[in-house]
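Undergrad: This is the structure I have questions about; it appears just below.
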Amino acid sequence: MEKIMSTTKKNIQVFVCDHYRHVCDELTEKILSISKVAIQNKGRFNMALAGGTTPKGVYMRMADKDYQKKFAWHQMHFFWGDERWVHIGDIRNNYRMVAEALLTKVDIPIENIHPITTKEETPEHSAVLYEKELTAHFNLKKGEFPEFDLILLGLGPDAHVASLFPGNSVLKEEKRLAVPVIEKEIEEPRVTLTFPVINHAKHVIFMVTGMDKANALHMVFETKPKEPLPAQMVFPVNGYLTWFVDKPAISKVSINFSDDSEKR
Ligand code: 6PG
């Protein structure tokens, strides 16, 4: 298989793969290994899925017959990092994207799937319901945050993560687990996990591919704006931060990612 280059700076690992499919293969393998450790240690694996389009290839790869039989679906629980507050049948809906790519193809119990539902009266109702689901599932006491085994994130062209957009007041949320988001640039309301939840995860992985993300990655890795960009606010307090990128996406970052990884 192609070599991947990686580097470890300040506990951040960056894996640079040749192209999108290669990222999907490597990231699927990483998700499998994290899930195995979690299930071995505590009998279940809790993952928050990214929305948008980039991660669809990973979800499809997880459902491929060679991988499908490797995952312990009955011990896996899927949540969402964010949701577009549109009908489940709407092409923009993140639950719908994951259902098509993965959930309808694998033997995962329905009770292990924890979507942000969008049939409530308002996005706030959806956020409250989601917070209740998180609190019950993780058996949280007041003021506690869930510790996901893995939170998968994409990166917007403006360096937003989940539905945490630059300059939006929700970036400053320190208490709630999930909040509604109204963003002037975005046509539909959103519901998103908050930074305290993201930064309490054991593993946070970014998946960023394509030339259209090159500027965003340059901004994240090589600029220090007065107000940090949302992606620059992701730093697991007791966890690991890993980037899986392809060469086009990293092409405007001048950091030399030493090739210190073994052939895979
Ligand atoms: C969403 C995502 C969002 C996404 C980025 C990148 O619901 O859209 O959670 O944060 O990850 O916008 O989107 P693409 O993968 O489509 O480029």
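Undergrad: Pull up the stretch 217-245, narrow it to residues that are over 19 Å from Phe165 (Cβ atoms) and among the aromatic types (Phe, Trp, Tyr), then point me to the one that is most open to solvent (accessible area, probe 1.4 Å).
TA: Tyr240
Undergrad: Consider Pro157 against the criteria (1) at pLDDT 95 or above; (2) within 16 Å of the ligand (Cβ to nearest atom); (3) surrounded by 15 or more Cβ atoms within 10 Å (Cβ to Cβ): it satisfies all of them except one. Which criterion is unmet?
TA: The failed condition is (3).
Undergrad: Could you check how many residues of the stretch 89-113 are in contact with a Phe, Trp or Tyr (Cβ under 8 Å, 6 or more places away or on another chain) and either away from the ligand (no atom under 16 Å from the Cβ) or farther than 18 Å from Ala162 by Cα (or both)?
TA: 9
Undergrad: Which is open to solvent by less than 50 Å² (accessible area, probe 1.4 Å) and at pLDDT 95 or above, of Ile12, Ile39?
TA: The match here is Ile39.
Undergrad: For Pro146, all conditions in the list (1) within 16 Å of the ligand (Cβ to nearest atom); (2) of a type outside the set (A, V, I, L, M, F, W, C); (3) buried (at least 18 other Cβ atoms within 10 Å of the Cβ); (4) not in a helix (DSSP H, G or I) hold save one; what is the number of the exception?
TA: Evaluating Pro146 over (1) within 16 Å of the ligand (Cβ to nearest atom); (2) of a type outside the set (A, V, I, L, M, F, W, C); (3) buried (at least 18 other Cβ atoms within 10 Å of the Cβ); (4) not in a helix (DSSP H, G or I) leaves (1) as the failure.
Undergrad: Sticking with this one: State which residue pairs qualify: first residue under 16 Å from Leu49 (Cα atoms) and inside the stretch 23-36, second residue of a type in the set (Phe, Trp, Tyr) and in a helix (DSSP H, G or I) in any location, beta carbons under 6 Å apart, and separation of 6 or more residues or different chains.
TA: The qualifying pairs are Thr28/Tyr67.
Undergrad: Tell me the helices (runs of 4 or more DSSP H) entirely within the stretch 25-124 that contain at least 2 residues that are closer than 17 Å to Arg190 by Cα.
TA: Here the list reads 94-98.
The values are calculated or read from the model by the stated rules, or taken from the named source; none is laboratory data. Keep in mind that what you see is a predicted model, and the values were worked out from it rather than measured. Neighbour counts run over all protein chains shown; Cβ positions are idealised from the backbone, glycine included. Please note that ligands, DNA and RNA were not included when accessible areas were found on the heavy atoms of the full protein model with its side chains. Shrake-Rupley method; radii C 1.70, N 1.55, O 1.52, S 1.80 Å.
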